[in-house]
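Peer 1: Have a look at this one before I ask anything.
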């Protein structure tokens, strides 16, 4: 065992109600004049993009808006964004939105300075040099992208999601204002909140977990599990929204260092081929993957059952670990998250190809607490039908 571990994170984080005002402070202090704002059409319609633009108005600054970000963005969208950023001669990029907008901002920033082809950067540590400075402003409590060195894009030709992992993807600044999440619909709150919880669960059970990542993941699970139902049922509850934003942030910090595991590996093929929203794909696959994985670390699965408020006293480690899986199923049911792949058109006939796709996600399977074979992947998908 190597006793040395490395911890990385975004260098500066502003978090709390009203934190969005710090965007203007950061831009003023840095002296940047041409700002490329990456967002999506929904946030433009909701007026949130204009809030950022108004904060940056004056001082000789110019804001160029890119609002073509789509859910689970394709490789091509990253290329278009970087081309437009180059043409604008931007000296800084702001990402505003959910994980898709934040990831596109991160990728566009490195493409501006490194050039293409984008395919050359999929993998770990393949980006040659830093990108443009980025400030990321999440509007969901879900992906944690504002504190990770990871960006995920959809490759429609291969029907897979692919990741770029590089320290150059860390933003210079993260601005996390829970007030920006108050308008989220319940379904989005549920899907993104489950995604954040899964980040914490997977970081906690990853083979690369450390004492530091365990501390972050444990606190993230406590905050998210205690507040997600309230945020879903009463989206205007700022206390719950604040806890969710912090929990998502901590989960992001945990998995940025420990990595996620097989739940995400299973979610990528079904997300890419059937366009199942990322948080929902993760939620559907979580119970069957956790039921499989628990034998790889019964102690930690039993600990999670206790974190989720399940009575474990007097139970065997295996029985306590199963309580964790039950708690997750019950939470997803309360949040009205779809529970079966069949609801999205996945059938038995699709399983062999999907399982082959899982086995290609070696970056994540290497973190998993239990080894997964092709036949295991097929059996796990069948449980999700």
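The values are calculated or read from the model by the stated rules, or taken from the named source; none is laboratory data. This structure is a prediction, so every number in the text was calculated from the model and none was measured. In this analysis, Cβ positions are derived from the backbone assuming ideal geometry, glycine residues included, and neighbour counts consider all displayed protein chains.
Peer 1: Let me spell it out: the conditions are (1) in contact with a helix residue (DSSP H, G or I) (Cβ under 8 Å, 6 or more places away or on another chain); (2) at negative phi, and residue 259 meets all of them except one. Which number is the exception?
Peer 2: (2)
Peer 1: Listed residues 194, 245; which is in a helix (DSSP H, G or I) and in contact with a strand residue (DSSP E or B) (Cβ under 9 Å, 6 or more places away or on another chain)?
Peer 2: Answer to the selection: 245.
Peer 1: Of these, 255, 274, 225, which one is touching a residue at least 40 places away in the same chain (Cβ under 8 Å), surrounded by fewer than 24 Cβ atoms within 10 Å (Cβ to Cβ) and either under 30 Å from residue 157 (Cβ atoms) or under 14 Å from the mean Cα position of the chain (by Cα) (or both)?
Peer 2: 274
Peer 1: Quick check: anything in the stretch 133-151 more than 13 Å from the chain's Cα centre (by Cα) and under 21 Å from residue 281 (Cβ atoms)?
Peer 2: The answer is no, given that none of the residues of the stretch 133-151 is more than 13 Å from the chain's Cα centre (by Cα) and under 21 Å from residue 281 (Cβ atoms).
Peer 1: Would you confirm, using the coordinates I've provided, whether residue 356 is assigned by TED's automatic domain parsing to the domain that holds residue 261, within 30 Å of residue 74 (Cβ to Cβ) and without any contact (Cβ under 8 Å) to a residue 24 or more places away in the chain?
Peer 2: Criteria met by residue 356.
Peer 1: Answer with yes or no whether residue 47 is free of Cβ contacts under 8 Å to residues at least 12 places away in the same chain and not assigned by TED's automatic domain parsing to the domain that holds residue 276.
Peer 2: Yes.
Peer 1: Given the condition surrounded by fewer than 16 Cβ atoms within 10 Å (Cβ to Cβ), within 23 Å of the chain's Cα centre (by Cα) and either at pLDDT 95 or above or farther than 30 Å from residue 216 by Cβ (or both), answer yes or no: does some residue in the stretch 26-36 qualify?
Peer 2: No: zero hits.
Peer 1: Another one. Does at least one position in the stretch 164-181 carry a residue that is modelled with pLDDT under 95 and either buried (at least 24 other Cβ atoms within 10 Å of the Cβ) or assigned by TED's automatic domain parsing to the domain that holds residue 249 (or both)?
Peer 2: Checked against the condition, which is being modelled with pLDDT under 95 and either buried (at least 24 other Cβ atoms within 10 Å of the Cβ) or assigned by TED's automatic domain parsing to the domain that holds residue 249 (or both), the stretch 164-181 yields no hits at all.
Peer 1: For the condition over 20 Å from the mean Cα position of the chain (by Cα) and either surrounded by fewer than 23 Cβ atoms within 10 Å (Cβ to Cβ) or closer than 17 Å to residue 139 by Cβ (or both), what is the one hit in 53, 70?
Peer 2: Only one candidate passes the filter, namely 53.
Peer 1: Which helices (runs of 4 or more DSSP H) sit wholly inside the stretch 279-385 and have at least 1 residues that are within 21 Å of the chain's Cα centre (by Cα)?
Peer 2: In the stretch 279-385, the matching helices (runs of 4 or more DSSP H) lie at 298-307, 317-334, 351-359, 362-365.
Peer 1: To continue, here is another question. Given the residues 289, 325, 346, 361, which is the only one that is free of Cβ contacts under 8 Å to residues at least 60 places away in the same chain and either within 29 Å of residue 187 (Cα to Cα) or exposed (fewer than 15 other Cβ atoms within 10 Å of the Cβ) (or both)?
Peer 2: None of the others qualify; the one that does is 325.
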